[in-house]
Amino acid sequence: PEGYRLDIAPGGVKVASADDAGAFYAMKTLKQLGTKAAPCGTVTDSPAFRWRGFMLDEGRHFFGKETVKGLLDQMADHKLNVFHWHLTEDQGWRIDIPRFPELVKYGSVRPESPMHGCRGTKGDFRGNGQPYGPYFYTPDDIREILAYAKERFITVVPEIEVPGHIRALLAAHPEFACKEGLPRVPCMFNGVQDEVLCAGNDDAIRFMEQVYDEVCALFPGAYIHIGGDECPKKRWKECPKCQARIKALGLKDEDELQAWVTRHFTDYLAKKGRRTIGWDEILAGNPGTETIVHNWRKPKYGIEAAEKGHDVVVSGLGMTYFSVPQGVADDPFTYLSPKMRCSLAKAYSFDPCAGMTDAAKKHVLGAECCMWSECVWNEYDLSFKLWPRAFAF
């Protein structure tokens with residue numbers, strides 16, 4: 001799949017391919033070789049990994065349809081074939097679900113954002129005083145982008161987070177939080193938030209099922225990303241409904257409650273013919289091996305997942321997170337983690353199968369580079385941080 005052979009001779013160019021995607025990539029290689037004249041020779045090529053991804057976080061900052069299309073063009077030029085679209089966050093809900101209009105009414109707009117040039121975390125938050133939004137994608141916008149991606153042989157994987165990173169959802173539906181009286185605005189500062197979905201509330205669980213129903217109806221692909229990372233347990237420990245759920249299910253603690261949430265939605269999406277993918281924290285709950293583990297923390301979690309029989313996508317924090325500094329001397333931009341470094345050389349040296357046995361390597365679907373947008377304010381900022389590291393990747 002996706003393989004091709006390119007024969008370049010003085011009399012012309014011949015392309016042989018296994019499928020339409022292979023022919024498409026053959027033309028991309030020809031473009032790379034030269035727009036006016038290409039050197040004669042033969043190129044035989046096929047991908048080492050079937051998942052060659054790029055993730056864009058639009059929860060923190062919204063870039064819009066034309067920027068996304070431009071990114072899809074750049075992905076196609078570099079033979080990346082999975083667009084992981086991070087659409088929901090504490091700071092913003094970016095997908096309009098007409099069945100639940102309050103999601104974008106309250107979740108897609110916030111009173112202000114961190115001041116440009118400020119890391120914007122709770123301890124040092126300085127607001128810019130400017131309302132942000134409403135910014136979101138309509139179903140028609142999404143269908144247009146999906147069609148654009150399909151023409152470029154790119155699969156779009158939406159991420160709708162549960163049970164953490166959902167403060168924007170709780171702005172729209174505060175009745176699904178553990179704590180009463182939440183203000184009806186998304187979070188304005190960066191960092192992990194204590195407010196999470198009330199796992200003991202049957203209505204909250206049913207609501208998320210209905211959200212995933214709508215997402216599945218809109219996105220035809222085989223994969224749905226449910227997040228699952230960075231879920232504090234403080235509210236669950238204080239919540240009578242969550243404690244009652246733990247007792248009723250015979251669970252040991254709040255960590256097992258999150259494992260129950262993960263299994264619930266994994267099973268629910270499986271019945272709809274979708275494979276669930278989640279960040280590697282979900283591994284603690286021993287989900288079924290049909291669940292794909294997205295490794296972002298230490299490599300040991302990806303190795304553990306593969307050895308247990310999970311398919312794995314690897315996004316090494318220090319080697320594929322292009323929202324951290326490149327280490328260049330004249331970098332004018334702000335970063336959430338300014339002490340981290342991911343140089344061009346590190347991005348180029350990344351091996352998603354490093355440290356794995358041959359048996360484990362068979363479970364590595366591929367790799368993904370990530371652009372988190374806590375400190376990415378515009379397209380120029382985005383481009384500076386993404387390139388040339390994404391080319392090296």
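The values are calculated or read from the model by the stated rules, or taken from the named source; none is laboratory data. Owing to the predicted nature of the structure, the values given are computational and were not obtained by experimental measurement. Cβ: placed from backbone, ideal geometry, glycine included. Neighbour counts: every protein chain shown. Each accessible area value is taken on the protein alone, full model and side chains, heavy atoms only, with ligands, DNA and RNA left out. Shrake-Rupley method; radii C 1.70, N 1.55, O 1.52, S 1.80 Å.
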Against the definition (open to solvent by 10 Å² or more (accessible area, probe 1.4 Å) and touching an Asp or Glu at 6+ places or on another chain (Cβ under 6 Å)), how does Trp377 come out, yes or no? no
Being part of a helix (DSSP H, G or I), in contact (Cβ under 8 Å) with a residue 60 or more places away in the chain and open to solvent by less than 10 Å² (accessible area, probe 1.4 Å) is the filter here; which residues of the range 245-301 pass it? Val261, Phe265
Hey, can you tell me all the residues within the range 25-70 that are assigned to a helix (DSSP H, G or I), touching a strand residue (DSSP E or B) at 6+ places or on another chain (Cβ under 8 Å) and open to solvent by 10 Å² or more (accessible area, probe 1.4 Å)? Met27, Thr29, Leu30, Leu33, Lys65
Which count do you get for residues in the range 113-161 that are of a type outside the set (Gly, Ala, Ser), part of a loop (DSSP other than H, G, I, E, B) and open to solvent by less than 70 Å² (accessible area, probe 1.4 Å)? 9
List pairs: first in the range 25-48 and more than 21 Å from Leu72 (Cβ to Cβ), second in a loop (DSSP other than H, G, I, E, B) and charged (D, E, K, R), Cβ under 8 Å, 6+ apart or cross-chain? Ser46/Glu2
Filtering the range 351-366 down to residues that are more than 11 Å from Ala48 (Cβ to Cβ), of a type in the set (D, E, K, R) and outside any loop (DSSP other than H, G, I, E, B) yields Asp358
Of all residues in the range 202-220, how many are surrounded by fewer than 17 Cβ atoms within 10 Å (Cβ to Cβ) and either part of a loop (DSSP other than H, G, I, E, B) or touching a His at 6+ places or on another chain (Cβ under 6 Å) (or both)? 1
For the range 126-169, give me the residue count where each residue is over 30 Å from Asp280 (Cβ atoms) and in contact (Cβ under 8 Å) with a residue 12 or more places away in the chain. 15
List the residue pairs whose Cβ atoms are under 9 Å apart, where the first residue sits in the range 95-109 and is touching a residue at least 12 places away in the same chain (Cβ under 8 Å) and in a loop (DSSP other than H, G, I, E, B), the second is open to solvent by 20 Å² or more (accessible area, probe 1.4 Å) and polar (S, T, N, Q), and the two are 6 or more positions apart or on different chains. Asp96/Thr138; Ile97/Gln210; Pro98/Thr138; Arg99/Gln210; Phe100/Gln210
Within the range 89-112, count every residue that is out of contact with any Pro (no Cβ under 9 Å at 6 or more places or on another chain) and crowded, with 16+ Cβ neighbours inside 10 Å. 3
Restricting to the range 318-338, and then to whatever is assigned to a loop (DSSP other than H, G, I, E, B) and of a type in the set (Gly, Ala, Ser), can you tell me which residue is nearest to Trp296 (Cα to Cα)? Ser323
Only one of Pro287, Pro299, Pro332, Pro338 that is touching a Pro at 6+ places or on another chain (Cβ under 8 Å) and either over 17 Å from Cys369 (Cα atoms) or modelled with pLDDT of 95 or more (or both): Pro338
